[in-house]
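Read through the structure below, which is laid out as structure tokens, and then see the notes.
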Amino acid sequence: MKVTLAKSAGFCFGVKRAVDMVYEQIEDAKEGPIYTYGPIIHNEEVVKELAEKGVRVIAEDEDLHGLEPGTVIIRSHGVGRKVKEDLENAGFTIVDATCPFVQKIHRYVAKYAEEGYFVLIVGSESHPEVQGIVGWMPNDSYAVISTPQDLEDLALAGEKICIVSQTTFNYNKFQELVEIIRKKGYDILVLNTICNATEERQSEAATIARDVDAMIVIGGKHSSNTQKLFEICKKECQDTYYIQTKEDLDLSVLQSISNVGITAGASTPNKIIEEVQKICQK
Ligand code: F3S
């Protein structure tokens, strides 16, 4: 079988950096336990492996004072200002693995809100990255939107508007929303903060999916960027499969296929991608 593996499959720069930072902490073995604030990535396998090495995940609603102080690694999604302060006040040492591209959004929203802009954050309200971005707003002059309907409910007349995006938001949907706002004649400042890693992974996946008989998308069930990747591939290739590991592969389906493409979400380790690739090449 011919297998085409996307070059952009798997860990992006920010996730690789965050995971490496956790392993560095394990090696350094400083005093006290090692925690990550939320799972370091949306991948159960990696989180399980880290748990075996003693790394504990702090849940968002956990009582920090009930935990033995140690080192907390902030994941690539980032957190709001208050979360950082609460961790520091509870005696934890912070290792900040927030992706530099996400940090840039934190700086943007803080700056432009201070300058009197109403900040529109394009993204999914429940996503931790967006919650983190909201957590850097110095005031309440913001809204999180993801659909044209969300815009209809907003009274923005007379406002200067700054638009930023969740790094993993779909580029075309972002442009569509920006165009709607632009047509209303508002004074807008558009900061396209969609990460290139996502754009590249999405467009490469679409190109490959167009040319193959079947497409395999590998990633965690809860990973929003993998879900988007799946949607994009499914549009181009009806036989697109969403799997977490090689165990989810339906081998009977593969037998009737001569040309398969593989891509993977930003949180999928290389090891898992290689295993799937090997099975397909057999
Ligand atoms: Fe950073 Fe882009 Fe990855 S924002 S975490 S490099 S998807």
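The values are calculated or read from the model by the stated rules, or taken from the named source; none is laboratory data. Small disclaimer: the values here were computed from a predicted structure and weren't measured. Cβ: placed from backbone, ideal geometry, glycine included. Neighbour counts: every protein chain shown.
Taken over region 75-101, the criterion of being surrounded by 16 or more Cβ atoms within 10 Å (Cβ to Cβ) and within 22 Å of VAL119 (Cβ to Cβ) is satisfied by SER76, HIS77, GLY78, VAL79, GLY80, VAL83, LYS84, THR98, CYS99, PHE101. Quick check: is even one residue across region 249-267 crowded, with 17+ Cβ neighbours inside 10 Å, within 20 Å of THR147 (Cα to Cα) and within 16 Å of the ligand (Cβ to nearest atom)? No, region 249-267 contains no residue that is crowded, with 17+ Cβ neighbours inside 10 Å, within 20 Å of THR147 (Cα to Cα) and within 16 Å of the ligand (Cβ to nearest atom). Of all the criteria given as (1) among the basic types (Lys, Arg); (2) farther than 29 Å from LEU191 by Cα; (3) surrounded by 13 or more Cβ atoms within 10 Å (Cβ to Cβ), the one not satisfied by LYS104 is (2). In this structure, does ASP28 turn out to be free of Cβ contacts under 8 Å to residues at least 60 places away in the same chain, over 19 Å from LYS84 (Cβ atoms), out of contact with any helix residue (DSSP H, G or I) (no Cβ under 8 Å at 6 or more places or on another chain) and within 16 Å of the ligand (Cβ to nearest atom)? It is false that ASP28 is free of Cβ contacts under 8 Å to residues at least 60 places away in the same chain, over 19 Å from LYS84 (Cβ atoms), out of contact with any helix residue (DSSP H, G or I) (no Cβ under 8 Å at 6 or more places or on another chain) and within 16 Å of the ligand (Cβ to nearest atom).
The set of residues in region 206-224 being out of contact with any Asp or Glu (no Cβ under 8 Å at 6 or more places or on another chain) and not in a loop (DSSP other than H, G, I, E, B) consists of THR207, ILE208, ASP211, ILE216, VAL217, ILE218, SER224. Any chance you could count how many residues in region 153-173 are within 16 Å of the ligand (Cβ to nearest atom) and either part of a strand (DSSP E or B) or at pLDDT below 95 (or both)? Qualifying residue count for the region: 7.
Among the residues making up region 57-74, those that are in contact with a helix residue (DSSP H, G or I) (Cβ under 9 Å, 6 or more places away or on another chain) and either at pLDDT 95 or above or outside any loop (DSSP other than H, G, I, E, B) (or both) are VAL57, ILE58, LEU64, THR71, VAL72, ILE73, ILE74.
Being more than 16 Å from the ligand (Cβ to nearest atom), acidic (Asp, Glu) and under 20 Å from the mean Cα position of the chain (by Cα) is the filter here, so list the residues in region 185-235 that pass it. GLU231, the sole residue that qualifies.
Among the residues of region 36-55, is any in contact (Cβ under 8 Å) with a residue 60 or more places away in the chain, in contact with a strand residue (DSSP E or B) (Cβ under 7 Å, 6 or more places away or on another chain) and not assigned by TED's automatic domain parsing to the domain that holds GLU274? Let's see the steps before the verdict.
Initial filter on region 36-55 (in contact (Cβ under 8 Å) with a residue 60 or more places away in the chain): 38, 41-46.
Then keep just the ones that are in contact with a strand residue (DSSP E or B) (Cβ under 7 Å, 6 or more places away or on another chain); that gives 38.
Next cut, not assigned by TED's automatic domain parsing to the domain that holds GLU274 only: 38.
Checked region 36-55: at least one residue is in contact (Cβ under 8 Å) with a residue 60 or more places away in the chain, in contact with a strand residue (DSSP E or B) (Cβ under 7 Å, 6 or more places away or on another chain) and not assigned by TED's automatic domain parsing to the domain that holds GLU274.
Quickly run through region 228-244 and pick out the residues that are of a type in the set (S, T, N, Q) and either surrounded by fewer than 17 Cβ atoms within 10 Å (Cβ to Cβ) or closer than 12 Å to ASP213 by Cα (or both).
The first filter runs over region 228-244 and keeps only residues of a type in the set (S, T, N, Q), leaving 238, 240, 244.
Hits for region 228-244 are GLN238, THR240.
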